[in-house]
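The values are calculated or read from the model by the stated rules, or taken from the named source; none is laboratory data. The shown structure was predicted, so the numbers you read here are calculated from the model rather than taken from an experiment. Glycine also receives a Cβ, built like all others from the backbone with ideal geometry; neighbour counts cover every protein chain displayed.
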Amino acid sequence: MFKLKTPLTLRDLKPLKHGDEVLLSGTIYAMRDAAHKRMLSEKKLPLDLRGQIIYYMGPTPARPGKVSGSCGPTTSARMDKYTPQIIEKTGIISIIGKGARAGQVRAAMKGKVVYFIAYSGLGALIAKCIRKSVMVCYPDLGAEAVYKLEVENLPLIVAQGLDGKGEIK
Amino acid sequence: MRKLNPGLVTKTVREMCITAAHKLPCDMLRAVKKAAAGERGISARILKLCLENAKIAEKEMIPLCQDTGVAVIFAEIGRDLFIDGDITAAIEEGVRQGYRQGYLRKSIVSDPLFERKNTRDNTPPVIHYAFAKGNKLKLTVMLKGGGSENNSRINMFAPSATLEDIEDFALKTVAEAGSKSCPPLIVGIGIGSNFEGCALLAKKALAREVGSVNKDKRYAALERRLLQKINALKIGPQGLGGKTTALAVFIEFAPCHMASLPVAVNLGCHSNRHIVKVL
């Protein structure tokens, strides 16, 4: 089991191999389909994501007094169309999602991005790892807006390390 | 003729949406527990986390899954029941109130192709009406997420198709879904009727109780065989391998055109959120 804390560099991520279990703490950014599409259409990015981790997730609204609603990962394959460009445009070094990726995405991630999977369908359990959640851009997208999350010991599994190895079903 | 106030329909649908989002159905809880006992290593650990997730969801009122889905409602109306008002409006209002008051995610967009603008209250739901004997209203509410729905498939086979062809189609659907549909799955299969009819049969099949056996022996045998074959794919919980790729296979069937053999495979995730109530 690896324990990681942001900010992270590619050097920190280098030892991670397919199948490794990780507990992640620190800052991550939740964004999914609509935010990807909009970000790619903009000349200037609304936030600096260099060296950051993005999480494919759209939460349920938090109940009053709670930090976060349910917040498990959504299907990564839907982002496949955007991912190679998003990596180039933003400089992210890690992605958290659910399920297999297309071949060209796996190739685009090699050496640049570690792909983690989070426990899918376990949004209540994952909500317990969220310490802070703030909507940082695209509020009009509702559940598809970009959220900055502070997480503590978020359980992840390495699907593909920087070596580009590791296929998942 | 019994009279039913539509306000009661609204209140009931509202509560059903909220309960379905937070409480793992009893049959699913039993099935996941049983599967966890048969797994080892990470697969066993993940299934135990599913049970832990269900505990947290119910106790702390955090939805089981962030995708609280499209609300799918089956309404079976007794012929001797008079609903004093607009039942569709009453159900829609129940969904609106349930998703707002229950802090569920609003996932419906107004137009599929152009604006894709969120309707902000998760309406409209998908409603299927049927008539039945008696003077009751039977409501089934399913919260159907995108991950399991997107990987569901329909195929219009020719009548010359063999049982094996149909089994292969179901297996291919599950294999292509992989971990995207959140296994271990409930696999609902509709065979017969027509293009839209087989999809509806498959959806209805997902509401069957885990552990129930098909009344028709031939279909019961097909369900058992398919469950074995699906589990032999070893996709496992979270797609990380293991014996449990599906918890159950349910088949619903109906007569069809002599030229057709429609088959639909509708996938349900490891929470398979559904709830039934009779008014």
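Couple of notes before you dig in:
- Count - residues of the stretch A:136-149 that are more than 11 Å from chain B (Cβ to nearest Cβ), assigned to a helix (DSSP H, G or I) and touching a helix residue (DSSP H, G or I) at 6+ places or on another chain (Cβ under 7 Å): 0
- For B:GLU196, the test of being acidic (Asp, Glu), surrounded by fewer than 24 Cβ atoms within 10 Å (Cβ to Cβ) and touching a residue at least 24 places away in the same chain (Cβ under 8 Å) is failed.
- The lone criterion from (1) more than 26 Å from A:ALA62 (Cα to Cα); (2) at pLDDT 95 or above; (3) of a type in the set (A, V, I, L, M) left unmet by B:MET16 is number (1).
- When the residues of the stretch A:28-50 are filtered to those that are surrounded by fewer than 17 Cβ atoms within 10 Å (Cβ to Cβ), under 12 Å from A:ILE92 (Cβ atoms) and not hydrophobic (A, V, I, L, M, F, W, C), the one that is nearest to the chain's Cα centre (by Cα) is A:ARG50.
- Taken over the stretch B:145-170, the criterion of being more than 14 Å from every other protein chain (Cβ to nearest Cβ), in contact (Cβ under 8 Å) with a residue 12 or more places away in the chain and under 16 Å from B:ILE251 (Cα atoms) is satisfied by B:ARG153, B:ILE154, B:ASN155, B:LEU163, B:ILE166, B:GLU167, B:PHE169, B:ALA170.
- Subset of the stretch B:41-59 that is more than 21 Å from B:GLY241 (Cβ to Cβ) and more than 7 Å from chain A (Cβ to nearest Cβ) - its residue that is farthest from the chain's Cα centre (by Cα): B:LYS59
- Every pair of residues 6+ apart whose Cβ atoms lie under 8 Å, when the first sits in the stretch A:109-131 and is more than 14 Å from chain B (Cβ to nearest Cβ) and closer than 16 Å to A:TYR56 by Cα while the second is small (Gly, Ala, Ser) and not in a loop (DSSP other than H, G, I, E, B): A:VAL113/A:SER94; A:VAL114/A:SER94
- Sole exception among (1) farther than 24 Å from B:LEU240 by Cα; (2) of a type in the set (Val, Ile, Thr); (3) facing chain B (nearest Cβ under 10 Å) for A:THR90, by number: (3)
- Candidates A:SER120, A:SER133: the one that is outside any loop (DSSP other than H, G, I, E, B) and among the polar types (S, T, N, Q) is A:SER133.
- Considering (1) at pLDDT 95 or above; (2) within 22 Å of A:LEU10 (Cα to Cα); (3) surrounded by fewer than 23 Cβ atoms within 10 Å (Cβ to Cβ); (4) within 12 Å of another protein chain (Cβ to nearest Cβ), the lone condition that A:GLU152 does not fulfil carries the number (4).
- Qualifying positions in the stretch A:1-27 - of a type in the set (Ser, Thr, Tyr) and either under 14 Å from the mean Cα position of the chain (by Cα) or more than 18 Å from A:LYS112 (Cβ to Cβ) (or both): A:THR6, A:SER25, A:THR27
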